[in-house]
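Worksheet: one structure, shown below.
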Amino acid sequence: MKFRQQHDIVMIAYSPLGTTRNPTWTNMSSLPSLKDALLKRCNKITAQVILRFNIQRGVVVIPKSFNLERIKENFQVRELLLEM
C-alpha cells in the first residue's frame with residue numbers, strides 16, 4: 001500500500017466483499033468476510049464495514065449486486081465515512 005501511494009497507483013477492488021470462494025485464491029479454512037463474527041459486531045451492515053475499510057485505505061471498490069436493497073446499502077457507505 002505504501003509503494004502504491006508513493007507512486008500514485010490506484011488499486012481497484014473488483015470483488016471487495018470477497019464472495020468468490022475459489023480455493024486457488026482463497027484460504028478455505030477461514031470464513032467468508034460477510035460471515036465474520038467480528039465484523040457483525042460493528043452494528044453496521046457487514047458489507048458496509050468492508051467497503052468503508054477499503055475506501056479509507058484508498059482502494060477504489062466496485063461491489064456487484066443485482067439486489068436493489070444491497071445496491072442502496074453500498075451507496076450509504078459514503079454517509080458512513082462522513083460520520084467518522
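The values are calculated or read from the model by the stated rules, or taken from the named source; none is laboratory data. Please read all numbers here as calculations on a predicted model, not as lab measurements. In this analysis, Cβ positions are derived from the backbone assuming ideal geometry, glycine residues included, and neighbour counts consider all displayed protein chains. Just the protein is used for accessible areas: all its heavy atoms, side chains included, with ligands, DNA and RNA removed. Shrake-Rupley method; radii C 1.70, N 1.55, O 1.52, S 1.80 Å.
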Subject >> Odd one out for GLN48 among (1) surrounded by 12 or more Cβ atoms within 10 Å (Cβ to Cβ); (2) more than 28 Å from PHE3 (Cα to Cα) >> reply: (2)
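Look through the range 58-77, keep the residues that are open to solvent by 80 Å² or more (accessible area, probe 1.4 Å) and not in a helix (DSSP H, G or I), and return whichever of them is nearest to GLN6 (Cα to Cα). Walk me through it before giving the result.
Narrowing the range 58-77 to residues open to solvent by 80 Å² or more (accessible area, probe 1.4 Å): 64, 66, 68-70, 72, 75.
Next, only the ones that are not in a helix (DSSP H, G or I) stay: 64, 66.
Numbers: LYS64: 29, PHE66: 36 Å.
Among those residues, the one meeting the criterion is LYS64.
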Original post:
In the range 43-84, which residues are among the hydrophobic types (A, V, I, L, M, F, W, C), out of contact with any strand residue (DSSP E or B) (no Cβ under 7 Å at 6 or more places or on another chain) and under 22 Å from LEU31 (Cα atoms)?
Top reply: ILE45, ALA47, VAL49, ILE50, PHE53
Original post:
Only one of (1) touching a helix residue (DSSP H, G or I) at 6+ places or on another chain (Cβ under 8 Å); (2) among the acidic types (Asp, Glu); (3) farther than 29 Å from PHE3 by Cβ fails for ASP36. Which number is that?
Top reply: (3)
Original post:
Are there any pairs, at least 6 apart or on different chains, whose C-beta atoms fall under 8 Å, with the first in the range 55-80 and of a type in the set (Asp, Glu) and the second surrounded by 12 or more Cβ atoms within 10 Å (Cβ to Cβ), and if so, which?
Top reply: GLU73/ILE45; GLU73/ALA47; GLU73/GLN48
Subject >> Among residues of the range 20-45, those that are open to solvent by less than 90 Å² (accessible area, probe 1.4 Å), of a type in the set (S, T, N, Q) and assigned to a loop (DSSP other than H, G, I, E, B), counted >> reply: 4
Original post:
Does any residue of the range 6-18 turn out to be of a type in the set (Phe, Trp, Tyr) and either assigned to a helix (DSSP H, G or I) or at positive phi (or both)?
Top reply: no
Subject >> Hey, ARG4 loosely packed, with under 13 Cβ neighbours inside 10 Å and out of contact with any helix residue (DSSP H, G or I) (no Cβ under 8 Å at 6 or more places or on another chain) or not >> reply: no
